[in-house]
Structures are given as structure tokens and as C-alpha cells.
């Protein structure tokens, strides 16, 4: 009987276990990008235009210019990019917006491997991380209506 109770408890705990958000630096970001882990850039269109983007990143704004968001709609946009059982990297300007977005993915959306770029695109740029103009990616996401 005690084994049954323990097994039931472990099954329950595992079902509701939350994945940890992993804060990463630029060196780890570079490694993960080279391994093909998708990068979701949650910034706004003017921010992408201002700095450029990490090549291959998906441009999917979470907070609009007024700070509003629609987490359910945003989640539907990222599901084709990364499923809950797949790793995903989230980046913004400085790492402030990605912290709650990463926690949302991990704690509410069931994502098990969420990487938060702790210093954002500013940190990446400061250390001369390669950036590409966002023009083509912006055109593609506008066409797909997923910016």
C-alpha cells in the first residue's frame, strides 16, 4: 500500500512539474543557435529595424508598443516554431521582457527547455555577435501575419 501511495504521488508530481527557465549568456546562445535551437525575438518592429536580428530568428512580438499582450494568440504563433517538448530560445532588447515570457512558456504553456538570453540583443551586439538586417524577415513575417 505505501508503494502505491508513493507511486501515485510521484506520478502526480511529475505531471505538474515545471521546467526551469535557463538564463544563458552569449557564448551559450551561440552554441545553441549553431545546434539549430530556434530563437524567438519578441521585440517590436521598430526594435528589429534599429538593431537588426540574429540570423534565422523568428520575429514574433509578445508585448506591443503599449505593453499589451495576448499570450494565447502569441503561443499559437510559436507552436510551429517549437513544440512544448522542444528547446526554444527567447530574446528581447535587454532580457527584461523575456524573463516573464520565458516563465509563461515554462510554467503555463508546458515548455520543458526554455532558454532566456539574459542580456538580450544589446548584450549580443555589445560583444560583436553577428546581426543581420531585419528587412527580409520583417517582409516574410508581415506576409505570414505573424510579427
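The values are calculated or read from the model by the stated rules, or taken from the named source; none is laboratory data. For clarity, every value in this text was computed on a predicted model and none was experimentally measured. Using ideal geometry, Cβ is built from the backbone for each residue, glycine included, and neighbour counts are taken over all protein chains shown.
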Any hit, region 25-37, residues being surrounded by fewer than 19 Cβ atoms within 10 Å (Cβ to Cβ), modelled with pLDDT of 95 or more, touching a strand residue (DSSP E or B) at 6+ places or on another chain (Cβ under 6 Å) and outside any helix (DSSP H, G or I): yes
Residue match in region 88-100 (condition: without any contact (Cβ under 8 Å) to a residue 60 or more places away in the chain, more than 17 Å from residue 121 (Cβ to Cβ), part of a loop (DSSP other than H, G, I, E, B) and out of contact with any helix residue (DSSP H, G or I) (no Cβ under 6 Å at 6 or more places or on another chain)): no
Residue in region 54-63 that is buried (at least 19 other Cβ atoms within 10 Å of the Cβ) and farther than 19 Å from residue 144 by Cα present: yes
All positions within region 77-93 that are under 17 Å from residue 57 (Cβ atoms) and loosely packed, with under 15 Cβ neighbours inside 10 Å: 79, 80, 86
Count of region 101-133 residues which are farther than 26 Å from residue 85 by Cβ and part of a loop (DSSP other than H, G, I, E, B): 7
Qualifying residue in region 43-54 (condition: under 19 Å from residue 24 (Cβ atoms), touching a residue at least 24 places away in the same chain (Cβ under 8 Å), under 13 Å from the mean Cα position of the chain (by Cα) and not in a loop (DSSP other than H, G, I, E, B)): no
Residue check, residue 136 outside any strand (DSSP E or B) and free of Cβ contacts under 8 Å to residues at least 12 places away in the same chain: yes
Residue in region 5-18 that is at pLDDT below 95, more than 16 Å from the chain's Cα centre (by Cα), more than 20 Å from residue 99 (Cα to Cα) and surrounded by 12 or more Cβ atoms within 10 Å (Cβ to Cβ) present: no
